[in-house]
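*Asks:* Got a structure for you, written out below as structure tokens; questions coming shortly.
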Amino acid sequence: MTEQPTPDHPENRIVADGVRKSFGPLEVLKGVSFTVPRGSATTIIGPSGSGKTTLLRALNALDTPDAGVIAVGDVEIDFSGPVTKDQLRRYRAQSGFVFQSHNLFPHKTVLQNVTEGPVIAQKRPREEAEAEAAQLLEQVGLADKRDQYPFQLSGGQQQRVGIARALAMRPKVVLFDEPTSALDPELVGEVLAVIRDLAVEGWTLVIVTHEIQFARGVSDQVLFTDQGVILEQGPPAAVIGDPQHERTRQFLQRILNPL
């Protein structure tokens with residue numbers, strides 16, 4: 001197994017081909033293939049247990065695939081064979097990951113949380129990292145919170161710090177794992193607004209979300225997953241507005257018209 005450069009498709013930021021992942025006897029991803037163009041927003045929707053979070057985590061090798069080829073940014077790996085630690089390090093460096101629960105360092109200030117990765121992992125000068133972190137905190141509306149600690153912030157503010165922390169690593173792609181699922185309803189909008197701004201700015205985003213109306217408004221592409229496969233993919237007007245698969249229609253009916 002050898003690591004190769006990204007295929008000669010400059011318009012593509014992510015290319016996944018035949019991705020498989022099992023946990024014990026349970027096959028969670030069953031040969032998933034899709035492409036995420038550069039500068040686009042892709043949302044992944046589907047019922048619980050459909051494989052959408054595992055698929056997202058495979059893009060960062062938080063869950064290492066059992067088989068399949070994935071190109072992210074400048075790195076392509078064939079997971080069907082052995083993968084070295086150095087290959088995984090370079091692969092993971094292509095993307096930033098925003099978790100459901102903020103995962104901030106509780107003993108560090110907001111500014112320290114954002115600068116930790118660039119300084120420790122990327123060996124960038126602290127002064128440079130702090131200047132960039134200050135800009136990112138302003139971008140997510142938290143410039144005045146830089147010296148506070150996570151416990152002094154609301155859940156929505158903590159999640160916005162998590163977004164700034166991911167961006168501070170200068171990733172090619174930003175991955176969001178249901179970024180609003182742990183928030184009180186009144187805090188959801190502030191986080192979605194930041195993500196929407198990133199999409200407008202041309203970041204390449206992949207977002208697992210249960211916020212269907214948000215997916216409809218922000219996405220260039222929607223993937224509907226069920227039982228480890230992608231049943232439908234395309235623009236939101238097609239997948240959400242006019243789904244062709246009965247399973248997709250059932251899911252959306254239950255989500256959009258719960259009563």
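The values are calculated or read from the model by the stated rules, or taken from the named source; none is laboratory data. What you see is a predicted model, and the numbers here were worked out from it, not measured in a lab. Please note: Cβ atoms are built from the backbone with ideal geometry, for glycine as well, and neighbour counts cover all protein chains shown. These area figures cover heavy atoms from the full protein model, side chains too; ligands, DNA and RNA do not enter into them. Shrake-Rupley method; radii C 1.70, N 1.55, O 1.52, S 1.80 Å.
*Asks:* What is the spread of the Cα atoms of the stretch 16-98 along each of their three principal axes, largest first, in whole Å?
*Replies:* 32, 31, 22
*Asks:* Here's another thing I want to ask about it. How high is the relative contact order of the chain, in percent, counting Cα pairs under 8 Å that sit 6 or more residues apart?
*Replies:* Dividing the mean separation by the residue count of the chain yields 25 percent.
*Asks:* Taking K108 as the anchor, which aspartates and glutamates have their alpha carbon closer than 15 Å to its alpha carbon, excluding any fewer than eight residues away along the same chain?
*Replies:* Partners found: E116, E130, D147.
*Asks:* Indicate, rounded to the nearest 5 percent, the antiparallel portion of the DSSP beta bridges found entirely in the chain.
*Replies:* 60
*Asks:* Convert each backbone phi in the stretch 179-189 into a coupling constant with the Karplus relation 6.51 cos²θ - 1.76 cosθ + 1.60 (shift: θ = phi - 60°), then list the ³J(HN,Hα) values in order as whole Hz, x for Gly and Pro.
*Replies:* x, 10, 5, 9, 9, 5, x, 6, 9, 4, x
*Asks:* Rounded to whole Å and sorted largest first, list the principal axis extents of the Cα atoms in the stretch 114-214.
*Replies:* Over the stretch 114-214, Cα extents along the principal axes are 41, 31, 20 Å.
*Asks:* A further question follows. Using a 1.4 Å probe over the heavy atoms of the protein chains, calculate the carbon and sulfur portion of the accessible area of the stretch 68-160 as a whole percent.
*Replies:* So the carbon and sulfur contribution to the accessible surface is 49 percent.
*Asks:* Excluding same-chain residues fewer than 8 positions from K30, which lysines have a Cα within less than 23 Å of its Cα?
*Replies:* Cross-link targets: K21, K52.
*Asks:* Any idea what the dipole of the chain comes to, in debye rounded to 20, about its Cα centre with Lys/Arg Cβ at +1 and Asp/Glu Cβ at -1?
*Replies:* Roughly 380 debye, rounded to the nearest 20.
*Asks:* Given points 7 Å out from each Cα along the Cα-Cβ axis, report the A143 to L62 separation in nanometres with one decimal.
*Replies:* 3.0
*Asks:* Take the Cα pairs of the stretch 63-102, get the Kirkwood Rh, then feed it into Stokes-Einstein at 20 °C and 1.002 mPa s and tell me D in µm²/s.
*Replies:* Value of D from the Cα-based Kirkwood radius: 193 µm²/s.
*Asks:* Along the charge dipole of the stretch 106-165, pointing to its positive end and built from +1/-1 on Cβ of Lys, Arg, Asp and Glu, which listed residue (G155, T109, P125) has its Cα farthest out?
*Replies:* Positive-end residue among those listed: G155.
*Asks:* Per residue, how much accessible area does the chain have with a 1.4 Å probe, in Å²?
*Replies:* It amounts to 46 Å² per residue over the chain.
*Asks:* Please check: in the Gaussian network model of the chain (C-alpha springs, under 10 Å), which one of E246, E178, E190 has the largest mean-square fluctuation.
*Replies:* Of E246, E178, E190, the most mobile in the Gaussian network model is E246.
*Asks:* I'd like to compare 156-166, 63-73: which one has the highest average count of other Cβ atoms within 10 Å, and what's the full order after that?
*Replies:* 156-166, 63-73
*Asks:* Hey, can you rank 232-242, 122-132 by average C-beta count inside 10 Å, highest first?
*Replies:* The densest-packed peptide leads the list: 232-242, 122-132.
*Asks:* Another question about this same structure. Just want to confirm a number: the relative contact order over the stretch 121-240, from Cα pairs under 8 angstrom separated by 6+ residues, in percent.
*Replies:* Relative contact order of the stretch 121-240: 18 percent.
*Asks:* Could you check the spin-label model distance between I255 and R38? Points 7 Å from the Cα along Cα→Cβ, value in nm.
*Replies:* Taking the simple label geometry, I255 and R38 are separated by 3.0 nm.
*Asks:* Just the number, please: Stokes-Einstein D of the chain in µm²/s, Kirkwood Rh from C-alpha pairs, 25 °C, 0.890 mPa s.
*Replies:* It comes out at roughly 130 µm²/s.
*Asks:* Something else about it: Would you mind giving the three semi-axes, in whole Å and largest first, of the ellipsoid equivalent to the stretch 187-259 according to its Cα gyration tensor?
*Replies:* Three semi-axes, in Å: 22, 15, 10.
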